[in-house]
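Engineer: The structure follows.
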């Protein structure tokens, strides 16, 4: 799921103006840190990911301003389902 979001954030022409990231490099770097934790079988902090995936979170802001809001909603719904099971 994080790799899927990373690919969406790496699309050319994304608008990061309403996110907390200054640009694509910052966004991808943050996602890469979370992915690296998971690859080491460590869970990222719940709040870190919930804030990114939440309503008006940075990923949603980029998705809306960049034209892939519907795709984000689908990924976000899957994230919510997984987060519910991981962080009880």
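Engineer: How much length is gained on full extension from residue 64 to residue 87, taking 0.36 nm per residue of separation minus their Cα-Cα distance?
Structural biologist: Working: separation 23, 0.36 × 23 = 8.28 nm, distance 2.72 nm.
Additional length available on full extension: 5.6 nm.
Engineer: Separate question: Multiplying the sequence separation of residue 77 and residue 26 by 0.36 nm and subtracting their Cα-Cα distance, what value in nm do you get? All intermediate terms of the calculation are to be shown ahead of the outcome.
Structural biologist: Values: separation 51, 0.36 × 51 = 18.36 nm, distance 2.39 nm.
Once the chain is fully extended between residue 77 and residue 26, it gains 16.0 nm.
Engineer: Under a crude label model (7 Å from the Cα following the beta-carbon direction), how far is residue 33 from residue 4 in nanometres?
Structural biologist: 2.4
Engineer: Quick one: P(r) of the chain from all Cα-Cα pairs, 5 Å bins, percents rounded to integers, in order of increasing distance.
Structural biologist: Pairs per bin, as whole percents: 3, 14, 28, 28, 17, 8, 2, 0.
Engineer: Under the 0.36 nm per residue contour assumption, what length would be gained going from the current alpha-carbon distance of residue 18 and residue 51 to full extension?
Structural biologist: Values: separation 33, 0.36 × 33 = 11.88 nm, distance 1.41 nm.
Gain on stretching residue 18 to residue 51: 10.5 nm.
Engineer: Sum -39500 (n - 2.57) across every DSSP H segment of at least 4 residues in the chain, then divide by the residue count to get the 222 nm mean residue ellipticity, nearest 500. Could you put the intermediate results ahead of the total?
Structural biologist: Details: 5 runs with 59 residues, N = 88.
Dividing the helical sum by the residues of the chain leaves -20500 deg cm²/dmol.
No lab work stands behind these numbers, since they all come straight from the coordinates. Values in this document were obtained by computation on a predicted structure and should not be read as measured data. Neighbour counts run over all protein chains shown; Cβ positions are idealised from the backbone, glycine included.
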